[in-house]
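Working notes, structure below.
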Amino acid sequence: MRGRAFLSTRELVAFGAGGLTTLALVSLGPLHARVVPSASMAPTLMPGDRLAILDAKPPTPARGEIVVFHAPFKALPGEPASPKGPFAEEPLYIKRVVGLPGDTVAVIPGRGVRVNGHLLAEPYVQAHARYAWGPAAIPSGRVFVLGDNRNDSFDSHHWGLLPVSRIVGRPAALFWPPRRTRLF
């Protein structure tokens with residue numbers, strides 16, 4: 001290539017307008033960037049991973065689906081119950097749906113999760129839980145969520161069942177770091 005390549009004023013304006021439009025759509029539209037703060041979803045999601053979160057409430061999420069939701073106050077360190085209700089608007093939590101409405105769920109220490117009498121195949125789990133939970137029936141409008149890092153996750157086995165109405169979206173893509181980039 002000879003000499004320097006220059007952009008015309010029209011190209012600069014078009015590039016700038018396109019960049020601003022993209023930024024506005026991402027920040028105001030259905031996609032939001034979030035940083036994974038903890039190892040509760042390891043090895044699927046690691047601390048520092050950057051996710052594009054799609055604001056799309058599933059009517060009822062599917063078993064195995066990863067969801068983003070408003071955290072229960074009792075899941076926040078040092079937070080008292082709120083007079084407005086048991087859930088905070090921030091921070092957002094991310095966990096995997098394990099039990100659906102109508103399911104009977106039990107966590108068996110060292111073995112895995114039993115749903116309706118059947119042991120789930122969970123290749124994404126870092127290690128089986130060292131704790132027991134249930135069995136319990138999941139009522140309508142609620143789900144049972146767990147982190148993939150079962151022994152280091154503050155999830156439904158600590159603070160209870162999650163109302164489906166508190167789910168705000170799901171991860172669409174992991175975009176940073178580049179070596180871990182993937183779509184969900």
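Throughout, read-outs are computed from the coordinates displayed, never taken from laboratory work. Note that the structure is a prediction, hence the values are computed from the model and not measured. For neighbour counting, all protein chains shown are included, and Cβ atoms are generated from backbone atoms with ideal geometry for every residue, glycine included.
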Note, ³J(HN,Hα) from phi for the range 30-42, Karplus 6.51, -1.76, 1.60, rounded to Hz, x at Gly and Pro: x, 10, 9, 8, 9, 9, 6, x, 9, 9, 5, 10, 5
In nm, spacing of pseudo-spin labels at HIS118 and ALA56 (7 Å Cα→C-beta vector): 2.6 nm
Among 46-53, 95-102, 171-178, the order from most to least packed when residues are scored by Cβ within 10 Å on average: 95-102, 46-53, 171-178
